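Structure first, then comments.
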Amino acid sequence: MAVTTHKIEKNLQRIRDNVAEACQRTRRHPDEVGLIAVTKSVDLDTIKNLLDAGVTELAESRAQNLTQRAEELAAYASRRRTPLPAPVHWHMVGHLQRNKVKSILPVVSAVHSVDSLRLAEELQDRAEKLDQHVSVFLQVNCSQEEQKYGCAVGAAAHLGEMIASMDNLNLVGLMTMGPLTEDPNESRMAFARCRELFEDMRTERLGGDHFRHLSMGMSSDYVPAVEEGATLLRIGSALFE
Ligand SMILES: *Cc1c(COP(=O)(O)O)cnc(C)c1O
């Protein structure tokens with residue numbers, strides 16, 4: 001069953017209220033914080049309702065789902081008598097295998113999960129062949145946990161420098177996943193670590209003017225993420241439940 005536009009709007013309002021309060025506590029402007037809707041758990045009708053609610057940034061965590069969703073939505077858009085309310089951008093937020101790069105490039109605006117030189121090189125090669133530029137985030141493992149994905153904090157600056165030198169990739173920022181915990185202080189510490197790394201890299205002018213985003217915060221931890229400087233939240237369940 002599709003989640004109704006009304007329900008999505010109510011959830012969006014609650015999220016925006018929480019973001020506004022977190023911004024007020026930390027003297028940030030709420031306009032600095034964008035929202036990406038992670039659609040991996042919902043159907044196409046729910047995605048249409050999301051668009052009606054004004055959301056334009058959509059994300060998937062699996063390459064195959066992303067291409068399929070993007071194609072379905074494009075087909076729906078071309079069948080409509082009126083254009084979509086606004087252009088839609090797709091973000092790849094989950095682990096990306098190199099053999100899936102080719103299939104997602106034509107439909108993706110940003111890849112949040114670049115965590116190795118080999119993946120970056122594959123993105124660069126394929127993007128160059130398509131004469132395309134793609135925005136990428138360096139995914140960093142900022143929690144103390146053993147997480148499978150994300151480069152180590154100590155390796156980030158060097159890897160970031162190499163990515164920033166690739167002609168068809170725009171290094172737009174860092175991405176991190178909060179730790180799997182109910183403890184907001186643990187989440188906060190991981191996000192703070194990511195923000196410090198981000199500021200260090202920015203001081204080095206890495207990535208130039210493109211380098212300005214911190215993609216962190218999901219349904220369970222977006223409040224501490226905003227308080228620690230997130231500029232892009234990746235939210236799924238809190239929009240749909
Ligand atoms: C699923 C997912 C999200 C959103 O998770 P929710 O808890 O549903 O908000 C964000 N980022 C990534 C990488 C994900 O896979």
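Read-outs throughout are calculated quantities, based only on the coordinates presented, and are distinct from any laboratory measurement. Just so we're clear, the structure is a prediction, and the values are computed from it rather than from any experiment. Backbone-built Cβ (ideal geometry, glycine too); neighbour counts: all protein chains shown.
Note down the Stokes-Einstein diffusion coefficient of the range 1-94 in µm²/s, whole number, using a Kirkwood radius over alpha carbon pairs, 10 °C, and 1.306 mPa s. Numbers along the way, then the final one.
Working: Rh = 14.4 Å.
The calculation lands on 110 µm²/s.
Could you please state, rounded to a whole Å, how far the C-alpha centre of the range 91-115 is from the C-alpha centre of the range 12-52?
So the separation of the two Cα centres works out to 22 Å.
Give the span of the chain's Cα atoms along each principal axis, as three whole-Å numbers ordered largest to smallest.
Its Cα atoms span 49, 46, 31 Å along the three principal axes.
Are there trypsin sites (Lys or Arg not before Pro) in the range 1-91 that DSSP marks as loop and that have at most 13 other Cβ atoms within 10 Å, and which are they?
Numbers: sites: K7, K10, R14, R16, R25, R27, R28, K40, K48, R62, R69, R79, R80, R81; in loops: R27, R28, K40, R62, R80, R81.
Filter output for the range 1-91: R27, R80, R81.
Going by a 4.7 Å Cβ-Cβ cut-off, which cysteines of the chain have no partner at all?
Singleton cysteines: C23, C151.
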